[in-house]
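Worksheet for the structure shown next.
The values are calculated or read from the model by the stated rules, or taken from the named source; none is laboratory data. Keep in mind the model is a prediction, meaning the values are calculated, not measured. Positions of Cβ are generated from backbone atoms using ideal geometry, with glycine treated the same way; all protein chains shown enter the neighbour counts.
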Amino acid sequence: MSHVFHRLPKQTLPVAVSGDGIELIDAAGKRYIDACGGAAVSCLGHGHPRVVAALTRQAQQLAYAHTSFFTTQVAEELADWLSARAPQGLDHVYFVSGGSEAVEAALKLARQYFVERGETSRRHIIARRQSYHGNTLGALAIGGNAWRREPFLPLLIEAHHVSPCYAYREQRADETEEAFAQRLADELEQKILQLGPETVAAFVAETVVGATAGAVPPVREYFKKIRAVCDRYGVLLILDEVMSGMGRTGYLFACTEDGIAPDLLTIAKGLGGGYQPIGATLVNDRIYRTIVDGSGFFQHGHTYIGHATACAAALEVQHVIEEDRLLDNVRARGEQLRTLLRERHASHPHVGDIRGRGLFIGVELVADRETKQAFEPGLKLHARIKREAMAHGLMVYPMGGTIDGVHGDHVLLAPPFICSESDIERIVERFDRALAGALSSID
Ligand code: PLP
């Protein structure tokens, strides 16, 4: 009997013992191509010597110093590096240990900003139905995933939800992208008006949706229109790039492609690439100044914020990505992966949609391609695909759930940025076999 309280306590999981580039190796010596980076985390793959060396150096020199007493050079350097490249105005970086903490910090910063301004009635958070922002109570409260929220509903703060920008299912056949984006922006505006603009603090969205539906990018102009609505009513825009940020889409920050800057931006997974647990909330100067010139401090904090070893790992991960020009590879390999999948599945009866940006790609499976009818939820097709893929030495990230009453099976592919052309071919070949195996198991 294992004493670890596992996430999947009834399953016997392989024991991961080492990592080698894009592969993980288990105790039996079996190799798995990590085609999802765990959960879009391992952007540099495993065992990168430069990161291991940087981590070791920092741990030997100074592993940890509490942020009430000290700052560290490495935290300062990482913050400088990020703010120099961040979307306009996001000049300040609050370090945390992961994605949920980054979202919690963003929510509290939004609230404290309005409290400091005397706008204490601003308390409502609006998010989208198709969203995942983390599992701590605040982040879970604003997320839209009904299944994850259900048991904890009595513990969750009030949050409000609007429609996602989910073109595959929500864009009407007779609607242009522009009209679709406008309809969604109008819906947000109506929600703000209905709640009373003086009561709304923030709108939160993932720039590209990750863990609920597998790499759903917004249509062009969506975020420009959303930004305009937020500005009209003084509502802060929080973009959650915990999964989609730090190069995953081929740009350091996914919202660069959407031509906007949020007021607060959360990052995590690709920041440390899994070498250490680290996340951050990027804060615009207006919010920072209001708090610093007001009460003088952010009423928040955790023991491990700004952890020196975590910052050292993240800084080296980012240096490698930049020096090796890996974002060029993300864009090229992402294009290759999408093209290969689309070519191979152009007439597959159960592949409904292939979408995404960079190396952040979602495949949506349907029972009927014409009607987009989803598979029976009880079949758990997504879990079968994961099982089959593992058997074929491939890690993919499965998702199944109900979004606005529509059940769906999705698979997220998020391979490391170091993938070669032939790695991508191997991923597609194994994925096809896993898909075929999973589908034949339900015939
Ligand atoms: N936000 C987004 C968009 C995520 O995808 C996730 C995790 O999948 C989180 C927040 C939560 O991050 P963590 O699991 O590091 O707490």
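Which is buried (at least 18 other Cβ atoms within 10 Å of the Cβ), farther than 22 Å from Pro262 by Cβ and within 21 Å of the chain's Cα centre (by Cα), of Gly274, Gly352?
Matching residue, one of Gly274, Gly352: Gly274.
Just need a number here: residues in the stretch 233-256 that are within 10 Å of the ligand (Cβ to nearest atom) and not hydroxyl-bearing (Ser, Thr, Tyr).
Summing the residues that are within 10 Å of the ligand (Cβ to nearest atom) and not hydroxyl-bearing (Ser, Thr, Tyr) in the stretch 233-256 gives 6.
On the basis of being of a type in the set (Asp, Glu), at pLDDT 95 or above, on the phi < 0 side of the Ramachandran plot and more than 14 Å from the ligand (Cβ to nearest atom), does Glu119 make the cut?
Values: of a type in the set (Asp, Glu): yes; at pLDDT 95 or above: yes; on the phi < 0 side of the Ramachandran plot: yes; more than 14 Å from the ligand (Cβ to nearest atom): yes.
In short, yes.
Of the residues that sit in the stretch 122-137 and are within 21 Å of the chain's Cα centre (by Cα) and surrounded by fewer than 20 Cβ atoms within 10 Å (Cβ to Cβ), which one is modelled with the lowest pLDDT?
Top of the filtered list is Arg129.
Give the stretch 314-348 a look and list any residue that's aliphatic (A, V, I, L, M) and touching a strand residue (DSSP E or B) at 6+ places or on another chain (Cβ under 8 Å), or say none.
Leu337, Leu341 - these are the residues of the stretch 314-348 that are aliphatic (A, V, I, L, M) and touching a strand residue (DSSP E or B) at 6+ places or on another chain (Cβ under 8 Å).
Between Leu155, Leu193, which is closer than 30 Å to Tyr304 by Cα, surrounded by fewer than 18 Cβ atoms within 10 Å (Cβ to Cβ) and modelled with pLDDT of 95 or more?
Values: Leu193 fails: closer than 30 Å to Tyr304 by Cα.
Testing whether each residue is closer than 30 Å to Tyr304 by Cα, surrounded by fewer than 18 Cβ atoms within 10 Å (Cβ to Cβ) and modelled with pLDDT of 95 or more leaves just Leu155.
Just to check your reading of the model, which residue among Ala86, Ala141, Ala110 is closer than 14 Å to Val283 by Cβ, within 16 Å of the ligand (Cβ to nearest atom) and modelled with pLDDT of 95 or more?
Going through Ala86, Ala141, Ala110 in turn, just one is closer than 14 Å to Val283 by Cβ, within 16 Å of the ligand (Cβ to nearest atom) and modelled with pLDDT of 95 or more: Ala110.
Report every pair of residues separated by at least 6 positions or lying on different chains whose Cβ atoms are under 8 Å apart, first residue within the stretch 40-57 and basic (Lys, Arg), second crowded, with 22+ Cβ neighbours inside 10 Å.
Arg50/Glu316; Arg57/Ala312
Looking at the stretch 91-106, which of its residues are of a type in the set (A, V, I, L, M) and within 12 Å of the ligand (Cβ to nearest atom)?
Val96, Ala102, Val103, Ala105, Ala106
With respect to Leu435, is the statement that it is part of a helix (DSSP H, G or I) and crowded, with 16+ Cβ neighbours inside 10 Å true? First the steps, then the outcome.
Working: part of a helix (DSSP H, G or I): yes; crowded, with 16+ Cβ neighbours inside 10 Å: yes.
So Leu435 fits the description; yes.
Please specify each residue of the stretch 172-219 satisfying the condition of being part of a loop (DSSP other than H, G, I, E, B), farther than 22 Å from Ile267 by Cα and in contact with a helix residue (DSSP H, G or I) (Cβ under 8 Å, 6 or more places away or on another chain).
Matches in the stretch 172-219: Arg172, Glu175.
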